[in-house]
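Working notes for the structure below.
The values are calculated or read from the model by the stated rules, or taken from the named source; none is laboratory data. Since we're looking at a predicted model, the values are computed, not measured. Every residue, glycine as well, gets a Cβ built from its backbone with ideal geometry; the counts of neighbours run over all protein chains shown. Surface areas here come from the heavy atoms of the whole protein model, side chains and all, with no ligands, DNA or RNA. Shrake-Rupley method; radii C 1.70, N 1.55, O 1.52, S 1.80 Å.
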Amino acid sequence: HDKNNNIQNTNHTQTQKQRYQNQILQNQEENTNTKTVKGYGGEIKVIDGKNTTQYLSIQDARLFMSDVYSPPLIIGFNAIWKPTSTTEVGSSPCACLQIATVKRVWIFRVCKFENPILPKCIKHILDDKELVKVTMGFGVVEKSMFAGCFQGFQLPVVSWVDVDVILRNAGFERY
């Protein structure tokens, strides 16, 4: 009986994997600046600015802001830089911004934007003191690198929660 369950679970996993791979292939064939990928169980919206001068369609901008301001007023935030051997501020451009809401994850591939500027909707949410931004290991160095990438945009100090700091204060070792 356990052997049959294992076979069914393996087939189910392979089917999910095939669907996921097919979705990725389908998204790669589309020639738009917004892609939707299913993977973690929720929706991922990828904005890469390819073949467009507009980073976010009006429809996607409205959806993004609606996601961000749906209760609870908390988002997950992360920035990824292109790999480099130095941590010097401004030495590496930001590759992508990840913003997780209750409804979906938004990935802004700013490295693909024609001009790597911070979209106004992202500036707005990062400046919003009422919106809690949760990060993991996004400290002083990362905030300086962020400012270096986006024409000196300074991240506000309030309304940020760094899970890494909370864990270290509770006695956990740094990862």
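The 1.4 Å probe gives accessible areas that order R174, R109, R168, largest first, as R174, R168, R109. Proximity of backbone amide H atoms, modeled 1.01 Å from N, is registered between D162 and T135 at under 5 Å, excluding neighbours fewer than 5 places apart on the same chain.
When the pairs K82/K143; K82/K103; K103/K129; K103/K133 are compared against a 19 Å limit on Cα-Cα distance, K82/K103; K103/K129 fall above it.
Find, among the GluC sites (Glu not before Pro) in region 87-175, those assigned to loop by DSSP (not H, G, I, E, B) with at most 12 other beta-carbon atoms within 10 angstrom. Those that pass, being in a loop and sparsely packed, are E88, E114, E130, E173. Extending 7 Å from the Cα toward the beta-carbon at both K82 and V161 defines two label points whose distance is 3.5 nm.
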